[in-house]
Amino acid sequence: IIIADPMVATGSTMINVLRKIPFESVSPKKIFFASVISTNVAITRIKAELSAKGLLDRSKFFTVSIDPEINDKGYIVPGLGDAGDRAFGHE
């Protein structure tokens with residue numbers, strides 16, 4: 001299973017995707033998480049979710065950069081701005 005998100009600030013989106021996978025009927029050998037930018041907050045939260053499900057040992061994280069923090073709105077600092085807006089020309 002590959003779960004990708006360009007920017008992972010809090011990990012909520014990846015955790016929500018992970019929770020939708022029916023692990024009672026699917027047993028993946030590996031779960032890959034891919035992003036361009038992540039935060040330690042997100043990685044810690046995702047690892048906690050995986051650990052609670054007994055999946056941490058089957059998981060790998062790939063990210064180009066780990067930014068140091070998120071602000072009070074949950075945005076990555078310094079980050080890239082809104083990846084969706086940048087990708088689809090709404091900025």
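Under a point spin-label approximation (7 Å from Cα along Cα-to-Cβ), what is the residue 30-residue 16 distance to one decimal in nm?
Between residue 30 and residue 16, the simple spin-label model gives 2.8 nm.
Tell me the mean residue ellipticity at 222 nm calculated for the chain from its helices only (DSSP H runs of n ≥ 4, each -39500 (n - 2.57), averaged over every residue, nearest 500).
-9000 deg cm²/dmol
In what sequence do 41, 64 fall when counting other Cβ within 10 Å, fewest first?
Lowest to highest Cβ neighbour count: 64, 41.
What is the local net charge at residue 77, summed over the other residues whose Cβ is closer than 9 Å to its Cβ (Lys, Arg +1; Asp, Glu -1)?
-2
Just how large is the dipole of the chain about the Cα centre, in debye to the nearest 20, putting +1 at every Lys and Arg Cβ and -1 at every Asp and Glu Cβ?
520 debye
Please list 3J(HN,Hα) in residue order for segment 12-28, calculated via the Karplus relation 6.51 cos²θ - 1.76 cosθ + 1.60 where θ = phi - 60°; whole Hz, with x for glycine and proline.
Residue by residue, segment 12-28 yields 4, 5, 5, 5, 4, 4, 4, 5, 7, 6, x, 5, 5, 10, 10, 10, x Hz.
Read the figures in this text as sums done on the coordinates, not as results from a lab. Just so it is clear, the model here is predicted, and its values are computed rather than measured. Because the Cβ atoms are built from the backbone with ideal geometry, glycine has one as well, and the counts that use them run over all protein chains shown.
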